[in-house]
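Novice: Below: one structure in structure tokens.
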Amino acid sequence: MLSANMNVSGIHHGMLRMYGGFIFKQWKKRFLLLMAEGSLLVCHDASSPPDQLVLLQSTCEAIVEGKEILDLPKLPSGRCRDCCFALILPQNKYLLLLAETPADCSDNVFDVGRVSAPAHRLIRSVSVRCTAAARRTSLRDDVTTLIRHRGCRIGIDSASTVPGLLSLFHEQELTETVHDTNGHGYLATFVGKNGRFVILRVHSHGLVTIDLQCYAEDNIAQLDNLLNALEKKLTVLLNGNITRIKRLPALVRGGEIDRYWPTADGRLIEYDFDRLVYEEESAYQSIKILHSKQFGNILILNGDVNLAESDLAYTQAIIGGGKENYAGKESAYIDQKVIDGCKMHMRKTCGNILDNLTGDGYQILVEDCVPVLKKYVQDGRTFDYVINDLTAVPISTEPEEDSTWEFLRLILDLSIKVLHPSGKYFTQGNSVNMTEALNLYEEQLGRLSCPVGFSKEVVCVPSYLELYFRFSCDYICTVIG
């Protein structure tokens, strides 16, 4: 835990475990310094300079205890949820930390909260599943009736609009609570039978939103009728001066199968998953295979959609578009549990190639590729093709500060060093929308120890629901050492 004693510099310090890593995330011991002025320094050990600096008063949005964290990674032996807490940071980032005991964790949360701004000391709930009492009951969240009033500069008069809506809520036995918005329009919440919950927001600039939450076993037809009646009533109250009415499909929270996964550029996608096929926690990552009605079985690693049975275009692109000859292949993969899952449940993609680690013209090494590549460099071995399917180009746009960029540069450099002068290097890139990250990746290609030329191709990967870049690299010239 962080030491309860402060030295003359006003610093709390101690060893905690932090969850992270280059590609395969795991719990690693780190030395933390908590400064009295509100900064947290993360170091490799007590004598190392900080690897990360968190300005708690300006960047820590919340402190979340382990019991409130959904899909907590596999914990080391002897640890429990109550030993864990997270600092929620901007841009969907977080710092996940693990103490020795629940009591140590509580002390750490108190220490961090004490030096943070008051607003950041609040413990908030994030992505909480339905409680055990709810069993398999899932929650529908209808983000509905998005209405913009024509000529939004004129705005909407809440006093004349809201009373006309209340009777519809009262008919459904919904009781309202009006909240103070400090002059920013009108806000009310409604609670009703069967756990129904409604949020009505009338913005002064001309936007009306109605969010309705209910349990899946509720009378959905009855609630749809309520939403239809609200839309009609608003049309009358606003004298038809409506630019747009939009009802969004319901979000299902706490379902048995998680159907929502983000794209590379942060857009939310709802998949048609209907069952969990395979789930394992290895020493390196969280492994799931889910079945989709459209795409077949889909491999998901650490929450990232990796490959589906429908994604032949991805496989063809990353091996050169079917134009190359791969007689005599050797590949290195670090996680046996991924191989186990794929050879059972991804046979449309893998065929029988994973049934044996060696075969006619190929060998699969279940090892970390970095020491393997380093040994090949040392032994002077070269290959006609090197295919990197480790990770997409990092989304971070700070290559000098992001360890994943450093890892990618290492893999790139080692791969080029074992490449035959006439050989080719293939790798995935990222979504075509991630232009800044892709440009930075191209800059990294110009910083390798050997000069390379490259080309890129846009590929439509069905299960990704977005276009992706594929890179191909080769030598500009032969470098004689």
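Novice: Given a 1.4 angstrom probe, what's the average accessible area per residue across region 31-106, in square angstrom? List each step's numbers first, then the result.
Specialist: Numbers: 3710 Å² over 76 residues.
Ligands and nucleic acids excluded, the result is 49 Å² per residue.
Novice: Would you please give the FRET efficiency between residue 281 and residue 228, computed as 1/(1 + (r/R0)^6) with r the Cβ-Cβ distance and R0 = 51 Å, to the nearest 0.05? Before the final figure, lay out each step's value.
Specialist: On the way: r = 45 Å, r/R0 = 0.89.
The calculated FRET efficiency here is 0.65.
Novice: Please list 184, 345, 12 from largest to smallest accessible area, probe radius 1.4 Å, with all protein chains kept in place. Mind dumping the intermediate values first?
Specialist: On the way: 184 115, 345 50, 12 10 Å².
Largest accessible area first, the list is 184, 345, 12.
Novice: Between region 269-290 and region 242-268, what is the separation of their alpha carbon centroids in Å?
Specialist: Using only Cα atoms, the two centres lie 19 Å from each other.
Novice: Could you sort the peptides 298-308, 444-454, 187-197 by per-residue average Cβ neighbour count (10 Å cutoff), highest mean leading? Before the final figure, lay out the partial values.
Specialist: Details: 298-308: 20.5, 444-454: 13.5, 187-197: 15.6.
By packing density, highest mean first, the sequence is 298-308, 187-197, 444-454.
Novice: Need one number: nm distance between label points at residue 457 and residue 114, each 7 Å from Cα along Cα→Cβ, rounded to one decimal.
Specialist: 6.1 nm
Novice: How far apart, in nm, are two points set 7 Å out from the Cα along the Cα-to-Cβ line at residue 178 and at residue 315?
Specialist: With each label placed 7 Å out from Cα toward Cβ, I get 6.3 nm.
The values are calculated or read from the model by the stated rules, or taken from the named source; none is laboratory data. Since the model is a prediction, treat every value here as computed from it, not as a measurement. In this analysis, Cβ positions are derived from the backbone assuming ideal geometry, glycine residues included, and neighbour counts consider all displayed protein chains. SASA here: full protein model, heavy atoms, side chains in, ligands and nucleic acids out. Shrake-Rupley method; radii C 1.70, N 1.55, O 1.52, S 1.80 Å.
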